[in-house]
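Accompanying notes for the structure given below.
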Amino acid sequence: MPENCKLPFLDTKISLIDLQNLEKKGFFRSIFIELLKADKIKNVIPNEIEINQTKQELCLKYNIEQLKNNKDNAFLIHNLRKEIYKLASLKKLSLEKFSSQAEKIFEKRKTYYYDQYFYSLLRNKNKSQIYEFYYQIEAKESRINDLSKEHSSGSEKTKLGIIGPVNLININSEIAEILKDSKDSIINDPIEINNEWYLIQRENYIPAIYSEFYENQICMDLLEKEIEKEYKIEYLNLMNNKLNL
């Protein structure tokens, strides 16, 4: 039985045990995905506009002009430029493959993934106290923000109870449904969640509008998922082929 198996994209072989160890530690996945990305974009040539757009996005993280002032950063700048070109190529490829699907996916995900909300929160384990606060707010005798600052049990009290912006997918499902169905500045009926009583008041709803930003985000997400799927298939094939030898 052969001890080694041929790795994709590389003119080398590796033992089954080493392959399994690399995969467990995430190294094989990282290497394979980077090689797969390189293979996919080898014939993709982004234009100057696409490169500059990607450069502007990355410059939010790295100030290239400041890096240029230090001669020791030459290597970093060189690699940053290579990263810009790679990301521009991946973005171009993702748009070519998935742009026709992006708007439909946006509309499907919009409510939970892209629309944003601000809300005020007051929570406490004392049910009677929460109902008393609720009646005070309903009667306009008190504001939820002032009460949250004094009586809320969570870290929101340091921000006058205000939370946001949030996407519904990232918060408790019961709170998400309240925000989705509420109107701004209307206090909800007290609700119990995880042994605490909650008062929630939606403050602001910001509907997402389909744009180039969301198109790029969705297309890149679809490309990443495609690459991840190919990695899993290739790894299983390597393992199965090796075990069947």
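The values are calculated or read from the model by the stated rules, or taken from the named source; none is laboratory data. Small disclaimer: the values here were computed from a predicted structure and weren't measured. Neighbour counts run over all protein chains shown; Cβ positions are idealised from the backbone, glycine included.
Looking at the stretch 187-198 only, could you name the residues that are surrounded by fewer than 17 Cβ atoms within 10 Å (Cβ to Cβ) and touching a Lys or Arg at 6+ places or on another chain (Cβ under 7 Å)?
Residues satisfying the conditions are 195, 196.
Tell me whether the stretch 148-160 contains one or more residues that are within 27 Å of residue 113 (Cα to Cα), of a type outside the set (Phe, Trp, Tyr) and in contact (Cβ under 8 Å) with a residue 40 or more places away in the chain.
yes
Table: residues versus (1) under 30 Å from residue 37 (Cα atoms); (2) modelled with pLDDT under 95; (3) outside any helix (DSSP H, G or I); (4) more than 22 Å from the chain's Cα centre (by Cα).
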{"residue": "54", "(1), (2), (3), (4)": "yes, yes, no, no"}
{"residue": "82", "(1), (2), (3), (4)": "yes, yes, no, yes"}
{"residue": "119", "(1), (2), (3), (4)": "no, no, yes, no"}
{"residue": "122", "(1), (2), (3), (4)": "no, no, yes, yes"}
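Has the stretch 85-92 got at least one residue that is in contact with a Cys (Cβ under 8 Å, 6 or more places away or on another chain), modelled with pLDDT of 70 or more and in the same structural domain as residue 238 (by TED's automatic domain parsing)?
The answer is yes, given that some residue of the stretch 85-92 is in contact with a Cys (Cβ under 8 Å, 6 or more places away or on another chain), modelled with pLDDT of 70 or more and in the same structural domain as residue 238 (by TED's automatic domain parsing).
For the stretch 199-237, give me each residue that is touching a Pro at 6+ places or on another chain (Cβ under 7 Å) and either modelled with pLDDT of 95 or more or loosely packed, with under 12 Cβ neighbours inside 10 Å (or both).
Those that are touching a Pro at 6+ places or on another chain (Cβ under 7 Å) and either modelled with pLDDT of 95 or more or loosely packed, with under 12 Cβ neighbours inside 10 Å (or both): 199, 206.
Just wondering, is there one or more residues in the stretch 93-110 that are more than 21 Å from the chain's Cα centre (by Cα), acidic (Asp, Glu), surrounded by fewer than 16 Cβ atoms within 10 Å (Cβ to Cβ) and part of a helix (DSSP H, G or I)?
So far as the stretch 93-110 goes, yes, one or more of its residues are more than 21 Å from the chain's Cα centre (by Cα), acidic (Asp, Glu), surrounded by fewer than 16 Cβ atoms within 10 Å (Cβ to Cβ) and part of a helix (DSSP H, G or I).
Starting from the stretch 180-204, take each residue that is in the same structural domain as residue 133 (by TED's automatic domain parsing) and under 18 Å from residue 125 (Cα atoms) and list its partners that are among the basic types (Lys, Arg) and crowded, with 16+ Cβ neighbours inside 10 Å, counting only C-beta distances under 7 angstrom and pairs at least six apart or across chains.
Here the result reads 196/123; 197/123; 198/123, each pair linking the stretch 180-204 to a residue that is among the basic types (Lys, Arg) and crowded, with 16+ Cβ neighbours inside 10 Å.
Quick check on the stretch 56-74. Is at least one of its residues over 25 Å from residue 226 (Cβ atoms), at pLDDT 70 or above and not small (Gly, Ala, Ser)?
Checked the stretch 56-74: at least one residue is over 25 Å from residue 226 (Cβ atoms), at pLDDT 70 or above and not small (Gly, Ala, Ser).
For the stretch 141-151, what are the residues that are out of contact with any strand residue (DSSP E or B) (no Cβ under 7 Å at 6 or more places or on another chain) and either under 16 Å from residue 184 (Cβ atoms) or not charged (D, E, K, R) (or both)?
Result: 142, 143.
Just wondering, is there one or more residues in the stretch 37-45 that are modelled with pLDDT of 90 or more, part of a helix (DSSP H, G or I), within 22 Å of the chain's Cα centre (by Cα) and surrounded by 11 or more Cβ atoms within 10 Å (Cβ to Cβ)?
Yes, that holds for at least one residue.
Quick grid of which residues meet (1) more than 30 Å from residue 50 (Cβ to Cβ); (2) of a type in the set (Gly, Ala, Ser); (3) at pLDDT below 95:
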position: 94; (1), (2), (3): no, yes, no
position: 98; (1), (2), (3): no, no, no
position: 146; (1), (2), (3): yes, no, no
position: 171; (1), (2), (3): yes, no, no
